[in-house]
Amino acid sequence: MTGRFKGVTGLVAALAMAVAALAVAQSRPAVADAGLLPWRDAEVVAQGRVIYADHCAACHGADLQGEPDWRMRDADGYMPAPPHDETGHTWHHPDAQLFALTKYGVAALVGQGYRSRMPGYEGVLSDDEILAVLAYIKSTWPDRVIEIHDGINAGAGG
């Protein structure tokens, strides 16, 4: 096992997240099905920037920088909010998984009593609003990161 997942708990959590992302595949919108966030659509990106500022920036930072020491659990045992810029790991996940994590929350996808401060936004944001936020985030990444992310989407089947 690599440094990415240590021990059985990490592997189980990763597998649970992957299975959950596949399970929501039938309910996600057509844009996510295509594996293409509308990150080149200036209107959608502008909408996503506003929604991000209202719902995400308090934890993930106004400049997508995340919380300090985001790779280490805090005193309460929670992982701090990661950055969504190129220094974080957001772009390591395919669109469908990013959509599911945002819509349902990390704890719901990981299961097994996993605790997270990342809420699900189902009932708060529409699917299109979630996609707009994710499009905004992707629009800020350097071209090389976008190219890698597009490859991750292709490898994930969408």
(request) Kindly indicate which of ALA53, ALA62, ALA96, ALA100 is surrounded by fewer than 20 Cβ atoms within 10 Å (Cβ to Cβ) and part of a helix (DSSP H, G or I). (result) ALA53
(request) Determine which single condition ALA154 fails, assuming it passes every other condition in (1) aliphatic (A, V, I, L, M); (2) at pLDDT 95 or above; (3) under 21 Å from ARG40 (Cβ atoms); (4) surrounded by fewer than 20 Cβ atoms within 10 Å (Cβ to Cβ). (result) (2)
(request) Within the stretch 65-87, work out how many residues are of a type in the set (Gly, Ala, Ser) and surrounded by fewer than 19 Cβ atoms within 10 Å (Cβ to Cβ). (result) 2
(request) Tell me which residues, restricted to the stretch 130-147, are in contact with a helix residue (DSSP H, G or I) (Cβ under 7 Å, 6 or more places away or on another chain) and not hydroxyl-bearing (Ser, Thr, Tyr). (result) ILE130, LEU131, ALA132, VAL133, LEU134, ALA135, ILE137, LYS138, TRP141, VAL145, ILE146
(request) Scan the stretch 108-121 for residues that are surrounded by fewer than 20 Cβ atoms within 10 Å (Cβ to Cβ) and either out of contact with any helix residue (DSSP H, G or I) (no Cβ under 8 Å at 6 or more places or on another chain) or over 18 Å from CYS59 (Cα atoms) (or both) and jot them down. (result) ALA108, VAL110, GLY111, GLN112, GLY113, TYR114, PRO119
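The values are calculated or read from the model by the stated rules, or taken from the named source; none is laboratory data. Here the structure is a predicted model, which is why all the values come from computation and not from measurement. Neighbour counts are summed over all protein chains in view; Cβ atoms, including those assigned to glycine, are modelled from backbone coordinates with ideal geometry.
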